[in-house]
Amino acid sequence: MALEQTGSRANGRTAGEARSDPGSDPRAELARRRAAAEAMGGEDALARHRASGRLPVRERVALLVDEGSWFEIGALAEPEIRRDKPVPGDAVVTGFGLLDGRRVGVVGIDATAVAGTTAPISMRKQGRLIEHAQRGGFPLVLLCDADGGRMPDVMGWRFSGLPLDFTSFLGATDGSPAVPRAAAVLGPSYGDSALHASTAHFVVMTQGASVALSGPSVVEPAIGERVSDDELGGPAAATAAGNAHLVVAGEQDALDAIAAFLSYLPSNAALPAPVTTAQDPARDPAGLADLVPAGARSGYDMRQVLAAVADADSVLPWADGWGSSLLCALARIEGRPVGLVANQPLVRAGALDPAALAKEHDFVDLCDTFGLPLVFLHDVPGLMIGRQAEQGGILAAYERTVSRIARAQVPRVGVVLRKAYGGGHFAMGGRPTRPDFLFAWPGAEMGFMAPETGVRTVHRRALDRLHAEEGPAARDARAAELTVEWRAESEPWEAAAHLSLDDVIDPSATRSTIASAIDVAWGERPQRVGHRGGRP
């Protein structure tokens, strides 16, 4: 019944569709079929697509890859279940091209053909492209814009038999090195398009796009929740959930962001990351001491510190909207790609919550997989505590993150700018995680907890007794004395004396110290990691 309703016969196509007319010119037939494939969903569908503010997939590919480099496969694919209206390429464009001179594999969903929905042939096309890229050792670019699975193509027994091998879809099965994956969410992206985004190391989305497991057309009949695309998976929702790492205005911006992201990484994890010409930082490192306030409770924007550490115009934020008390960014220091991890004092004083820890884990994994040294800039009051943090899974997130940092094979360099307390210090690559080098500024404080908090915790009974016997003034005076003593123990001098710190440095020397430390940590060994497979 389902096949008859689609206008197809039991074998999925009519006799006239199965082959070309006898005696026709094969080359003319090839030209006709290629033209049909390149027409995508047809003039009317293309017009509606453009009216929504989106570009057709073939124009997206042309904007992405170097001119004249496109090599397509599977252009003549057709669905297993044929309809009265053709579905060119089974609604997906797959092929290879050069991006800034480097080979990439591209999967581009064609939303002008049956809304870009996924069926067995399109899955097979995508799987073949992904396997080629993984085996060939070059990056994958995923252009997402689809409305999920196609009915009736994936109904009933067909769904269980879909050619979706999660082992090869998520990573190489033959032990090949991992390859970078970058996804652009350019429209409503549900089902398999959302799955593509979830496998990517970098996801950029346009303002009008959305990404979610299932779209509103499925959500409402399934659970009775009426929700818009934007409410379900628009930029605000997607970034807060960690499903998108960057939001941009338009499609050209998104494709440019993918090119920028890939420029920091090698084509695969067995190769060294590309080094470019060194540039001076956008801010003079000599001003760092004035940029960061002396008081541990005063706020400032850590992005300004990054601008004084990294090469000018090299900082690419990674997931600023997710776990925003922590900043992660790809950048270059003296031309070398690095991963920057820094607390953001403007958000909860830089304290790490479960989302910030999950973000850090994934970013550390990205950098370690593709051979980028990690730079940790500490200004952390600790981990978030209390019922909300515990119910959010902070204990497991903390253990997972610290373990991943400790296992990293790339150089790891830390600098304590102002404070590093408790588990937050460890989660920022503190000494127990065995960083290659750990430095601190002269005014930095380190310890189990902040001096004021420590005094109230450790000496609570004695202070309460003093308050009862001599009054609040006596209690406060004693608390101030104890705080001074505690703070003296937190200063960096004893830490440096006992080699818990490798050195105490002037703030103005932060950039040069980091650069030298990375060079020493790499030494003369090959600057690559060679991790296997896909994301854990």
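A short reminder: the numbers here are calculations on the coordinates, not readings from a lab. Because the structure is a prediction, the values reported are computed rather than measured. Note that we place each Cβ from the backbone using ideal geometry, even for glycine, and neighbour counts take in every protein chain shown.
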Listed by chain and number, the aspartates and glutamates with an alpha carbon less than 12 angstrom from that of K359, same-chain partners under 8 positions apart left out, are D320
Expected sort for I405, I121, I385 with the fewest Cβ neighbours (10 Å cutoff) up front is I385, I121, I405
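Within 10 Å of each residue's Cβ, count the other Cβ atoms and sort V305, V219, V520 from fewest upward.
V520, V219, V305
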Ascending count of other beta-carbon atoms within 10 Å, so fewest first, for H245, H498, H49, H132: H498, H132, H49, H245
Within 10 Å, count the other beta carbons around each residue, average over each peptide in 86-92, 68-74, 222-228, 212-218, and list them highest first. 86-92, 212-218, 68-74, 222-228
Amide hydrogen neighbours beyond the local backbone of T118, cut-off 5 Å, H modeled: G148, G149, R150
Environment charge of L340, counting only residues whose C-beta is closer than 11 Å and scoring Lys/Arg +1, Asp/Glu -1: +2
